[in-house]
Amino acid sequence: MQPFYSMPTTRDMETIARPLLTLVCPVCGATFPSAMQMDPRTFEGIQVTNLFERCPKCSRVSRFNKPDYLFRAPGETEINLRSGRARRTAAPKVN
Ligand SMILES: [Zn+2]
């Protein structure tokens, strides 16, 4: 059984149901949404190797692999959709 931490509102359910695939720019450290957006289940089933994405902040194009992609719910720091996967890299936290 999954514990409910609080009564979910309609807005909460919306944000949980639609997480954003995000990346951390290795150049400037900005977190930005990936150009490809999909649901976590689809993402789990695809191959992501050496994809190029452009950071909207510094305009540098960087190469990303699957562990670089993180699902984040808007308004939440992070949601635990990758719990079944080993964490190979920890994204640097930039304030
Ligand atoms: Zn950048």
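The values are calculated or read from the model by the stated rules, or taken from the named source; none is laboratory data. All of these numbers come straight from a predicted model, not from anything done at the bench. Glycine also receives a Cβ, built like all others from the backbone with ideal geometry; neighbour counts cover every protein chain displayed.
Can you work out which of the residues in the range 50-60 that are under 15 Å from LEU21 (Cα atoms) and of a type outside the set (D, E, K, R) is nearest to the ligand (Cβ to nearest atom)?
CYS55
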ask   = Do we have PHE71 as in a strand (DSSP E or B), surrounded by 13 or more Cβ atoms within 10 Å (Cβ to Cβ) and away from the ligand (no atom under 16 Å from the Cβ) here?
value = yes
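Table: residues versus (1) modelled with pLDDT under 65; (2) part of a loop (DSSP other than H, G, I, E, B).
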| residue | (1), (2) |
| --- | --- |
| CYS28 | no, yes |
| GLN47 | no, yes |
| PHE52 | no, no |
| SER59 | no, yes |
| ARG82 | yes, yes |
task = Within the range 61-79, work out how many residues are modelled with pLDDT under 95 and among the small types (Gly, Ala, Ser).
result = 2
query = When the residues of the range 21-36 are filtered to those that are near the ligand (Cβ under 8 Å from one of its atoms) and either on the phi > 0 side of the Ramachandran plot or in contact (Cβ under 8 Å) with a residue 60 or more places away in the chain (or both), which remaining residue is surrounded by the most Cβ atoms within 10 Å (Cβ to Cβ)?
reply = GLY29
